[in-house]
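Trainee: Could you have a look at this structure, given as structure tokens, before my questions?
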Amino acid sequence: MKYKVLSLVIVLVILSASYALYLYTSNITNNASLPSNNKLQVVTTTTMITDLLKVLGEDAIDVHGLMGPGIDPHSFQATEGDVIKLSNADIIFYNGLHLEGKMADLFEEMSKRNIPTYAVTDAIDKSKLLAGEDNYEGSYDPHIWLDVMLWKDVVVFVTDILVELDSSNAYVYSKNANNYIEELKILHEYVNTVALKVPEEHRVLITAHDAFQYFGIAYGFKVLGLQGLSTETQAGIADVRNLADFICQHKIPAIFIETSVQTRHIEALKEAVQSRNFNVEIGGELFSDSMGDLHEPEGTYIGMVKHNIDTITKALNP
Ligand SMILES: [Zn+2]
């Protein structure tokens, strides 16, 4: 008798747990499922890629960006809802080169399910890519969007894929791409012109993590990051000490925080400089791996790039 009661209790517990799980997953499905209209359902990762797809697709596609403003792609982990969105996508665009370091298996899985899944950095010729910090072949710096001309290559790459997959809207994609490429050329010229206002000896950009190497090469800045290429790499005491010495030696006027990275490392660096009897300002916030809020000018790729160069120039000019 005792055993019968016990088995009944166990069965009831299992049944109610299964029902709770059913309610939970069906709830996720409802919240995360994509609309079933005739539009191409595009799922993107970073805010920069989301912005690009909105520009190219206009009303012809629905864009579902997984990462919001201020989100760090290096440490981003997909939720169950994100996985459902990815599974229901007509097409997926991500950055690649291990920027979304915790999502690699997911992209592989979606490819296996025959969902067209593209790394936008495949647009860039390998000869233009900078080496990663792991020193093994095939390890590259993922932050290509901070050079406007490399991002232009991405625009061409993504447009070709959209045209091929959804030829009925080819005209929309091509027209928008052509207009946008012209805007990017103007933006590139703007960054070049403004950068030249900073005297050569002051063109040193120091940030929390090492996101600006492509920017530095394109626009003539020496770039130093406290953390490595990924925010997952921690800055050591020696890194802070060496960089503080460098700042004092070269009388660097400002260092910068990034909106998607914790500020404590840059604050520690400022303090270390102060303890060496020199003062370095925090020159402002830069958008490195994530754009600003949607209703702000920095909520677009063009606005983000302009904000960065204006902030850098203002802080580094004597
Ligand atoms: Zn980064």
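Trainee: Does residue 75 satisfy the condition of being modelled with pLDDT of 75 or more and surrounded by fewer than 17 Cβ atoms within 10 Å (Cβ to Cβ)?
Mentor: Numbers: modelled with pLDDT of 75 or more: yes; surrounded by fewer than 17 Cβ atoms within 10 Å (Cβ to Cβ): yes.
So residue 75 passes the test.
Trainee: Additional query: For segment 223-269, how many residues meet the condition of being under 26 Å from the mean Cα position of the chain (by Cα) and over 25 Å from residue 96 (Cα atoms)?
Mentor: Start the filter on segment 223-269 by keeping residues that are under 26 Å from the mean Cα position of the chain (by Cα), which leaves 223-236, 239-240, 243, 254-269.
Checking the rest, the ones that are also over 25 Å from residue 96 (Cα atoms) come to 236, 239-240, 243, 254-256, 263-269.
The qualifying residues number 14.
Trainee: Also: Scan segment 260-295 residue by residue and report those that are under 18 Å from residue 51 (Cβ atoms), modelled with pLDDT of 95 or more and not aliphatic (A, V, I, L, M). If you could, list the steps in order and put the result at the bottom.
Mentor: Let us first name the residues in segment 260-295 that are under 18 Å from residue 51 (Cβ atoms), namely 260, 286-295.
Add one more test, that the residue is modelled with pLDDT of 95 or more, and what stays is 286-293.
Within segment 260-295, 287, 288, 289, 290, 292, 293 meet the criteria.
Trainee: Kindly provide the set of residues from segment 166-181 that are open to solvent by 40 Å² or more (accessible area, probe 1.4 Å) and under 27 Å from the mean Cα position of the chain (by Cα), ordered by number.
Mentor: Residues satisfying the conditions are 174, 175, 178, 179.
Trainee: Given the conditions (1) modelled with pLDDT of 95 or more; (2) out of contact with any Ser or Thr (no Cβ under 6 Å at 6 or more places or on another chain); (3) away from the ligand (no atom under 16 Å from the Cβ), which single one is not true for residue 177?
Mentor: (2)
Trainee: Moving on to the next point. Being outside any loop (DSSP other than H, G, I, E, B), open to solvent by 30 Å² or more (accessible area, probe 1.4 Å) and touching a residue at least 60 places away in the same chain (Cβ under 8 Å) is the requirement here; does residue 282 meet it? Quick ask: steps written out before the conclusion?
Mentor: Working: outside any loop (DSSP other than H, G, I, E, B): yes; open to solvent by 30 Å² or more (accessible area, probe 1.4 Å): yes; touching a residue at least 60 places away in the same chain (Cβ under 8 Å): no.
For residue 282, the condition - outside any loop (DSSP other than H, G, I, E, B), open to solvent by 30 Å² or more (accessible area, probe 1.4 Å) and touching a residue at least 60 places away in the same chain (Cβ under 8 Å) - is not met.
Trainee: State the number of residues belonging to segment 193-251 that are open to solvent by less than 10 Å² (accessible area, probe 1.4 Å), assigned to a helix (DSSP H, G or I) and more than 23 Å from residue 130 (Cα to Cα).
Mentor: 2
Trainee: So, residue 134, is that one of a type in the set (Asp, Glu), in contact with a helix residue (DSSP H, G or I) (Cβ under 8 Å, 6 or more places away or on another chain) and within 16 Å of the ligand (Cβ to nearest atom) or not?
Mentor: Numbers: of a type in the set (Asp, Glu): yes; in contact with a helix residue (DSSP H, G or I) (Cβ under 8 Å, 6 or more places away or on another chain): no; within 16 Å of the ligand (Cβ to nearest atom): yes.
The answer is no for residue 134.
Trainee: Evaluate the following for residue 82: is it modelled with pLDDT of 60 or more, in a helix (DSSP H, G or I) and either within 25 Å of residue 114 (Cβ to Cβ) or open to solvent by 60 Å² or more (accessible area, probe 1.4 Å) (or both)?
Mentor: Yes, satisfied.
The values are calculated or read from the model by the stated rules, or taken from the named source; none is laboratory data. Just so you know, these numbers come straight off a predicted model, no measurement behind them. A quick note on method: Cβ atoms are made from the backbone with ideal geometry, for glycine too, and the neighbour counts reach across all protein chains shown. Ligands, DNA and RNA are excluded from the accessible area calculation, which covers all protein heavy atoms including side chains. Shrake-Rupley method; radii C 1.70, N 1.55, O 1.52, S 1.80 Å.
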